[in-house]
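**Q** Got a structure here, written out as structure tokens. Questions coming.
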Amino acid sequence: MQISSEEKVFEEQKLKKTRKLIDDEVKKSEDKLLEGFEEYDYDDEYKDDFMKAALIERYQQRIRNLKAIRPNPYFARVDFIEEGSTKKDAFYLGKEMVTDMKTLEQVVVDWRAPVADLYYEGRLGEAEYDCPEGIIRGEIKLKRQYVFEDGEIKDLMDIDITTNDEMLQPFLAVNSDTRLKNIVSTIQAEQNKIIRATMWKPLVVQGVARKW
């Protein structure tokens with residue numbers, strides 16, 4: 001499907017906004033590391049040191065993750081109207097959640113979140129996903145994939161089924177390390193079911209391993 005020039009401008013603005021939010025959170029987290037965590041002082045010195053060390057590691061890991069995704073903050077978008085509502089929600093999916101710290105809005109949803117099932121398994125039209133609140137039904141209005149190059153949007157594609165060969169081939173052409181990092185954007189419906197299967201029940205995966 002052809003993407004209009006207006007849509008391309010909107011997507012470029014969305015990318016700039018998302019990167020600004022990433023930069024803001026990185027700066028805030030780095031400032032917090034410099035300030036320390038004195039508010040977590042306890043009577044028990046061991047407990048105090050353990051808590052602060054855990055917080056420092058958490059903040060440092062978050063900073064590393066945000067810096068890693070900044071060039072490619074997301075790889076897909078799903079527009080969904082929940083049953084009984086007229087509001088269209090646009091979910092941008094990425095390898096790491098990005099939040100607007102002022103409004104607490106999730107600007108980018110982690111690909112492991114339940115709502116991501118709409119992208120991996122849903123098709124345009126009626127769809128549903130299972131989450132802690134129960135089964136959410138509605139309609140998928142748009143599924144879009146993004147290709148980034150040198151930090152800019154190289155290509156946009158509106159699709160119905162995930163994943164098409166045109167989108168998959170560029171990922172298979174790169175070296176294995178990069179391929180593994182990008183594979184979350186090319187997971188297909190059957191693979192998604194396996195990934196999200198409960199760990200409390202036996203699961204048999206039948207097939208031959210393939211070496212690219």
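The values are calculated or read from the model by the stated rules, or taken from the named source; none is laboratory data. Everything quoted here is computed from the prediction, not taken from an experiment. Heads up, the Cβs are rebuilt from the backbone with ideal geometry, glycines too, and the neighbour counts pull from every protein chain shown.
**Q** Just to be sure, is residue 79 acidic (Asp, Glu), within 16 Å of the chain's Cα centre (by Cα) and surrounded by 11 or more Cβ atoms within 10 Å (Cβ to Cβ)?
**A** Answer is yes for this residue.
**Q** Next question. Run down 160, 130 and say which single residue is modelled with pLDDT under 90 and of a type in the set (D, E, K, R).
**A** Testing whether each residue is modelled with pLDDT under 90 and of a type in the set (D, E, K, R) leaves just 160.
**Q** Could we say that residue 66 is in a helix (DSSP H, G or I) and under 18 Å from residue 14 (Cα atoms) here?
**A** Criteria met by residue 66.
**Q** Further, regarding this structure: Checking the structure you have, find out if any residue of region 50-61 is within 26 Å of residue 152 (Cβ to Cβ) and not aromatic (Phe, Trp, Tyr).
**A** No.
**Q** Let me ask something else. Those residues that are closer than 16 Å to residue 23 by Cβ and either surrounded by 14 or more Cβ atoms within 10 Å (Cβ to Cβ) or aromatic (Phe, Trp, Tyr) (or both), I need them from region 50-64; list them, please.
**A** Answer for region 50-64, where residues must be closer than 16 Å to residue 23 by Cβ and either surrounded by 14 or more Cβ atoms within 10 Å (Cβ to Cβ) or aromatic (Phe, Trp, Tyr) (or both): 59, 62, 63.
**Q** Return yes when residue 125 is among the small types (Gly, Ala, Ser), outside the structural domain of residue 24 (by TED's automatic domain parsing) and at pLDDT 90 or above and no when it is not.
**A** yes
**Q** Restricting to region 123-163, what's the tally of residues that are part of a loop (DSSP other than H, G, I, E, B) and loosely packed, with under 15 Cβ neighbours inside 10 Å?
**A** Going through region 123-163 one residue at a time, the tally reaches 7.
**Q** Looking for whichever is modelled with pLDDT under 85, assigned to a helix (DSSP H, G or I) and not assigned by TED's automatic domain parsing to the domain that holds residue 145 here; the options are 23, 43, 49. Which one fits?
**A** One residue alone meets the criteria, 49.
**Q** Any chance you could count how many residues in region 84-98 are in a strand (DSSP E or B) and loosely packed, with under 15 Cβ neighbours inside 10 Å?
**A** Number satisfying all stated conditions: 3.
**Q** Any residue that is farther than 14 Å from residue 76 by Cα and in contact with a Lys or Arg (Cβ under 6 Å, 6 or more places away or on another chain) - is there at least one of those in region 94-116?
**A** No; the residues of region 94-116 include none that is farther than 14 Å from residue 76 by Cα and in contact with a Lys or Arg (Cβ under 6 Å, 6 or more places away or on another chain).
**Q** Would you point out the residue of region 109-122, among those that are not hydrophobic (A, V, I, L, M, F, W, C) and not in a strand (DSSP E or B), that is surrounded by the most Cβ atoms within 10 Å (Cβ to Cβ)?
**A** Only one residue fits best here, namely 119.
**Q** Out of curiosity, is residue 56 β-branched (Val, Ile, Thr), in the same structural domain as residue 18 (by TED's automatic domain parsing), in a helix (DSSP H, G or I) and touching a helix residue (DSSP H, G or I) at 6+ places or on another chain (Cβ under 6 Å)?
**A** Considered against the rule, which asks whether it is β-branched (Val, Ile, Thr), in the same structural domain as residue 18 (by TED's automatic domain parsing), in a helix (DSSP H, G or I) and touching a helix residue (DSSP H, G or I) at 6+ places or on another chain (Cβ under 6 Å), residue 56 comes out as no.
**Q** Hey, among 13, 106, which residue is closer than 30 Å to residue 123 by Cβ and surrounded by 15 or more Cβ atoms within 10 Å (Cβ to Cβ)?
**A** One residue alone meets the criteria, 106.
**Q** Taking the stated definitions as given, is residue 116 closer than 24 Å to residue 14 by Cα, at pLDDT below 95 and touching a helix residue (DSSP H, G or I) at 6+ places or on another chain (Cβ under 9 Å)?
**A** yes
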